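All remarks here apply to the structure that follows.
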Amino acid sequence: LAGDITQKGYEKKRSKLIGAYLPQPPTANGAAVVRCRLQHSEGAPRRTFRSAHIGVCDVREAAARERVASTAGNRPLFYFRFGVDQALPQERRAPVTPSSASRYHRRRSSGSRDERYRSDVHTEAVQAALAKHKERKMAVPMPSKRRSLVVQTSMDAYTPPDTSSGSEDEGSVQGDSQGTPTSSQGSINMEHWISQAIHGSTTSTTSSSSTQSGGSGAAHRLADVMAQTHIENHSAPPDVTTYTSEHSIQVERPQGSTGSRTAPKYGNAELMETGDGVPVSSRVSAKIQQLVNTLKRPKRPPLREFFVDDFEELLEVQQPDPNQPKPEGAQMLAMRGEQLGVVTNWPPSLEAALQRWGTISPKAPCLTTMDTNGKPLYILTYGKLWTRSMKVAYSILHKLGTKQEPMVRPGDRVALVFPNNDPAAFMAAFYGCLLAEVVPVPIEVPLTRKDAGSQQIGFLLGSCGVTVALTSDACHKGLPKSPTGEIPQFKGWPKLLWFVTESKHLSKPPRDWFPHIKDANNDTAYIEVSHVALGINVSFRRLLEQSPDSLFCAAETIVNVLDFKKDVGLWHGILTSVMNMMHVISIPYSLMKVNPLSWIQKVCQYKAKVACVKSRDMHWALVAHRDQRDINLSSLRMLIVADGANPWSISSCDAFLNVFQSKGLRQEVICPCASSPEALTVAIRRPTDDSNQPPGRGVLSMHGLTYGVIRVDSEEKLSVLTVQDVGLVMPGAIMCSVKPDGVPQLCRTDEIGELCVCAVATGTSYYGLSGMTKNTFEVFPMTSSGAPISEYPFIRTGLLGFVGPGGLVFVVGKMDGLMVVSGRRHNADDIVATALAVEPMKFVYRGRIAVFSVTVLHDERIVIVAEQRPDSTEEDSFQWMSRVLQAIDSIHQVGVYCLALVPANTLPKTPLGGIHLSETKQLFLEGSLHPCNVLMCPHTCVTNLPKPRQKQPEIGPASVMVGNLVSGKRIAQASGRDLGQIEDNDQARKFLFLSEVLQWRAQTTPDHVLYTLLNCRGAIANSLTCVQLHKRAEKIAVMLMERGHLQDGDHVALVYPPGIDLIAAFYGCLYAGCVPITVRPPHPQNIATTLPTVKMIVEVSRSACLMTTQLICKLLRSREAAAAVDVRTWPLILDTDDLPKKRPAQICKPCNPDTLAYLDFSVSTTGMLAGVKMSHAATSAFCRSIKLQCELYPSREVAICLDPYCGLGFVLWCLCSVYSGHQSILIPPSELETNPALWLLAVSQYKVRDTFCSYSVMELCTKGLGSQTESLKARGLDLSRVRTCVVVAEERPRIALTQSFSKLFKDLGLHPRAVSTSFGCRVNLAICLQGTSGPDPTTVYVDMRALRHDRVRLVERGSPHSLPLMESGKILPGVRIIIANPETKGPLGDSHLGEIWVHSAHNASGYFTIYGDESLQSDHFNSRLSFGDTQTIWARTGYLGFLRRTELTDANGERHDALYVVGALDEAMELRGMRYHPIDIETSVIRAHKSVTECAVFTWTNLLVVVVELDGSEQEALDLVPLVTNVVLEEHYLIVGVVVVVDIGVIPINSRGEKQRMHLRDGFLADQLDPIYVAYNM
């Protein structure tokens, strides 16, 4: 039941979910007591922040604050206020007592942590923030998933994601510890726990050991225990919810028919009693209620100002907060490093150094590599390195290609592809390239053909013109191979020759060959590849400068844990080391994973003077060090922390010093360093001899940092960032910080900017990208007056920071992780740190969290993606997600737009196992990330929506009319041709009743064929002449009178498939004086959902008798039917397959043309069943109007492919041929499922000039025949004779469909102007119909935003927010139209959006209801204008539209008025005071992702609900949630409340192909959709 959300399991789940927030009964395991104590203990640390200004505060508070700043060791805090620094008194230093060490261990037990971002203070701040949240917390509705999506897998089924990495973004040793001790064990034996963590498969990582702030150890032990208790023991309270439904109603799907979408009917509408607007017996609506309650909470204050988005549409724009901190310091001065000393006897270049050491001391060790057991694998001496590099150089130049055409010439670029455990081969190849004067491009080993980001690398290699890749034997064997054994071309890579550099593959250079060794110059020595795969040219001169002698001494031993192919690892481990003849001990990453202490052991073993590590290596060593007696770090002179610039590395440094100080580690040895691929080493803290000169640090307010301002955090703030210095500016360099965006102006002293460096030792350019180079490598910082500060260009380092007191450099973040949300800057690393401080962390992998921003609606929005552990439940993950959102909201005061969890191991990796950020973002945006959990919070984040529209107090209709006259606008009214003026020799006009017309035709033209019915093969299935129809109708009339004993005026339901029987039965009813009602028969494969509708119409229409065929007769009495309805209550059923032989005594003639001819029942798009009354007079007028518009005569043939049950479809199928005498070729739409070409082939074969179809038929042809146009042409299909092809509809014309249909069949001769639409509704079944004469249908483009305000504003095609609208055909003869305001009923001016009102002889005469809702009727059928022409009686169509006078002329020579239908009033959604039409939102959503096949939207309790049909695997369902939310925000300025992903065919569609949105809504609220996923946006 764990994953069961769509069924009854929800109740259990809900009680659990809300359990934590309900008032606890005091008996519940003492949990209530625990919780209140927890509040105290969590609150405790906060006190320590409170203090006066620095100078005044007493020593105890200062010491406390020092501890809070996660300080250990005697380091004062530098506080920066406008460049003035005051050191704190440093009397009190927290001693490293056993208790604090054990407390450090206990802290670790609360779940493992990622080494990148650990800080106890931060964790405490986050816990405190969450505690605050908890007090005002409301239940958040949890998303619903179909069970097949919630796969509960066992741990063994998964390989934990390899979080291994050597890049700075990565993760932890092997995954994390699974077992977190529960609170009951209290303070557990740490030794045992650690050893278990080391020897077990998983090594735990943890939070740092800085001494706890405030309170005694005991209190903290309690707080720790409490923190766990409060997470583990959610004692579930009794279920206090009042849900009644235990059984959910299953919706049966029709089997068999695939093409037609039978609308699922959801339960019975009567069940949906809505009390307070919320239906009973529904879990969904309870969740929505929960969501509404959550959204009612006060949000951040909305912003005040607006900008005008090229229209009165006002999008709010972020105005600077008047209270925001502003920089107040003076303008900074550029800082110079110390002078570069002149060095004597220094080799003039790296190659010269290699030659010198290789010949002078060939036995000196250069590099020792380790195997995974920590044993030395191989010792490379300087002699061997020299000879091997010579061999490589000779082979590259002389053994590739031919003598005449060598493949590689000096200056060419060559790729170096070596694995992380083979530094010796890499070193030889690198120096071989330098000796051969070719440019090495070190890249990572590609693992698969489709490696994340490998295309970017491929692009770089291609642009560098790389044709040769050097690699090692082992690596070459491990590359993916094709079946023929060749290495395939990687995606996006150029064609490469792979060359193995092992000695056995190389030739010995001849004695007379010697490499050309030149002095260092500005030529490119190698290309450094940045993390976004840009190549940075690094010159020889730069290599020389990067290794200053002041940093290293000759012949020292250096232990290197870093990746030797790039960055600090390459500069110190491969380049500087050779310059200084040092001995490098290279620790491969694989060894670190097995033994995190290995680097410390090697430092002891080799008495190394220097070690190059990252903060995570220090952290792992902390976790693994079990009081090892033999560790002695006193030999270390420098411990270079390569990622020391990351502010979150400080706690690792402190904790490491704290633990290893007793092992001989000196404080001044720790040297954090800042570097970037562009500027190489930016700054490094140098080891000082004077241990009394402590390093600087600052506790900065995160709030200030978001505004780019340095503020010392002195109040009681939860959000602080502690930063340490990374030393002074490099020797010989100048550094300054410039504003990160806009003109590179110098920052003030208390402002954060991008650090820029001017030095010899930096990269020189991006390879081949001169534009980017100009921007990055050539920046000229300006003073505030606009003067450049130097004639030499500076280089942007990509690091954000400031130069503090005494020239110390501080880094607070990176440019590429910068997200600017509503004008405030947030660093991705800081957000990750906060997410990681949310306990318990056991649901996601710590090292696998990506944070980036996407632009939605003119602002950046933060997205967090994390990898979920396979063993965590839905609920756990969801709770963790909601806590992360609250923590980030509290600490950073910024909302997270989307938080997604993906299955383990699915985020794209960088070659070293880290997360490939740009690729992850790309997958997110294109909807192929496939998350397993998504939480969107657009309601919290999106604060720049337009103001809700305030409805003006209504201006009276009179003033509107006067206003229109004054402004020269005419009143919007139009009419078809006047029936009185039209001369026609119409014989049928003599008769008032259709029954008389038929008798007349049977006498005058008895053998004229009126109807021809085609079967699915296109052959004639049946036909009727005038006399056959007359005789058949007579027999049916006899049957009704004799067998049915019906009276004049009785109602008869006709339940027939589309065909001839239906027509005969209709006229039989007229002959007998009965009132026919046509009803669609039930679907034999789907009786359960289609039969109740039949029954309902029969009952509502008060039918005294039901006529049908023998087959349907059996179906109505079958066992399946009995299960769906009560078959005993059917009226008399007559089977017309067996007719009496005699004629009636007389044919009934109605006494009055206004009596009822027939009832027309149809289900509207809003799901209402409405029957309208058609009188004999209206019916005849209707037929005449169509006859005149379409010029129908007995010699014409018309093809009809429509459902004949209601509206214009019924009139064309049954009535028009009898009135006009033309031949109707009838094609039942259901036959097109087996033969999609049937309709068009018939049109072609019978040379038809006029044809009518529905949208569903047109869609079927467009989709089904798209690829067959050539074969149809070969079969002789020709549509060139078609004059009008009319789509019969009661909606806005679907312009995209009609256009694609026209385009598709243009080749078969279809004229684009032939395709048009008609428009009808319940009050008048046909108002417009494109006739034969008259101008072509016109299309206009209107501004969608103006439409929302009920205004029509024409724009150019293709302009933003434009919406194409097509005219709905020409107004029929005898029809008058006016546009009226639906509220005031006043007439509107031209081009105003209003309700279409219609006056005509063929208006229906009213609704047929048994409920007697007369007021509704009088309003719809007998309305008068409130002003102007108040005499005419109009019928209200319920559709919004507008009239526009065009430049075209009508048949009668007047200017043509075009009617544009926008949408139904009932369907329009009122949101934020504006009117939205569902179809517009749906069109945007369908465009958002290729897997969305159909979409429907509706509102519920003012929330927008979007239902999308997914054509794809269920795994894609959650990808749609962010995309749907984004597109609706961008294009409609609306926040989606609920996204529902369902299977294909769930959105119900009626016979006209219109979506039944209200049906869908009821089905959703009654929980009957069986959705794949339901997301509730916060």
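Points to keep in mind about this one:
- Spacing of the two label points (7 Å from each Cα toward its C-beta) at Gln628 and Thr1449, in nm: 10.0 nm
- Residues of the range 1531-1566 falling in the label zone of Glu1259, defined by backbone nitrogen less than 20 Å from a point 7 Å along Cα to beta-carbon, are 1540-1564.
- Accessible area expressed per residue, the range 1199-1294, with surrounding protein chains retained (probe 1.4 Å, Å²): 28 Å²
- Applying the Karplus relation 6.51 cos²θ - 1.76 cosθ + 1.60 with θ = phi - 60° to the range 894-899 yields 3J(HN,Hα) values of 9, x, 8, 6, 8, 10 Hz, where x marks Gly and Pro.
- Using the Cβ-Cβ distance between Tyr378 and Ile1295 with R0 = 51 Å, the FRET efficiency computed as 1/(1 + (r/R0)^6) comes to roughly 0.10.
- Environment charge of Ala974, counting only residues whose C-beta is closer than 11 Å and scoring Lys/Arg +1, Asp/Glu -1: +2
- Apolar share of the accessible surface for the range 1442-1537: 43 percent from carbon plus sulfur atoms, 1.4 Å probe.
- With 0.36 nm allotted per residue and the present C-alpha distance subtracted, the Asp1307-Thr1339 stretch has 9.3 nm of extension available.
- Potential lengthening between Lys947 and Gln1110 on full extension [0.36 nm per residue; Cα-Cα distance subtracted]: 52.4 nm
- Among the listed pairs Lys145/Lys921; Lys1149/Lys1173; Lys132/Lys921, those whose Cα-Cα separation exceeds 26 Å are Lys132/Lys921.
- FRET E, pair Gln1431, Asp1154, Förster distance 22 Å, beta-carbon r, rounded to 0.05: 0.60
- Backbone phi angles across the range 607-621, fed through the Karplus curve with coefficients 6.51, -1.76 and 1.60 (θ = phi - 60°), yield HN-Hα couplings of 6, 5, 8, 10, 9, 10, 9, 10, 4, 5, 5, 5, 5, 5, 4 Hz in residue order; Gly and Pro are listed as x.
- Rounded to whole Hz, the Karplus (6.51, -1.76, 1.60) HN-Hα couplings of the range 1114-1124, x for glycine and proline: 5, 4, 5, 9, 6, 5, 4, 5, 4, 6, 8
- Heavy-atom accessible surface of the range 769-887: percent carbon and sulfur, 1.4 Å: 55 percent
- Taking amide H atoms as placed 1.01 Å from N in the peptide plane, the amide H of Asn1022 lies under 5 Å from those of Leu1013, each 5 or more residues away in sequence or on another chain.
- Solvent-accessible area assigned to carbon and sulfur over the range 1042-1169 amounts to 52 percent, based on a 1.4 Å probe.
- Which listed pairs, of Lys375/Lys909; Lys495/Lys565; Lys363/Lys403; Lys1095/Lys1370; Lys566/Lys609; Lys384/Lys477, have C-alpha distances above 28 Å, in listed order: Lys375/Lys909; Lys363/Lys403; Lys1095/Lys1370
- Amide N proximity, the range 1545-1578 versus Thr1499 label position 7 Å along Cα-to-Cβ, cut-off under 15 Å: 1558
- Look at the Cα gyration tensor of the range 1085-1187: its axes a ≥ b ≥ c give a/c of at least 1.5 with a/b at or below b/c, and that counts as oblate.
- Under 19 Å from the Lys1273 label point (7 Å along Cα→beta-carbon), backbone N, the range 1312-1327: 1312-1313
- Cβ-derived FRET efficiency at R0 45 Å, Ser918 paired with His505, nearest 0.05: 0.80
- The slack between Thr1332 and Arg970, meaning 0.36 nm per residue of separation minus the straight C-alpha distance, is 127.5 nm.
- Inter-probe distance in nm under a simple model that places probes 7 Å from Cα toward Cβ, at Val854 and Ala554: 5.9 nm
- Estimated inter-spin distance, Gln331 and Trp513, nm [label 7 Å along Cα→Cβ]: 5.8 nm
- Nearby lysines by direct alpha-carbon distance to Lys1273 (threshold 27 angstrom, same-chain neighbours under 8 apart not counted): Lys1247, Lys1263, Lys1303, Lys1306
The values are calculated or read from the model by the stated rules, or taken from the named source; none is laboratory data. Bear in mind that the values here come from a model prediction, so they are computed numbers and not experimental data. FYI the Cβ positions are ideal-geometry reconstructions off the backbone, even for glycines, and counts take in every protein chain you see. Accessible surface areas use protein heavy atoms only, side chains included; no ligands, DNA or RNA. Shrake-Rupley method; radii C 1.70, N 1.55, O 1.52, S 1.80 Å.
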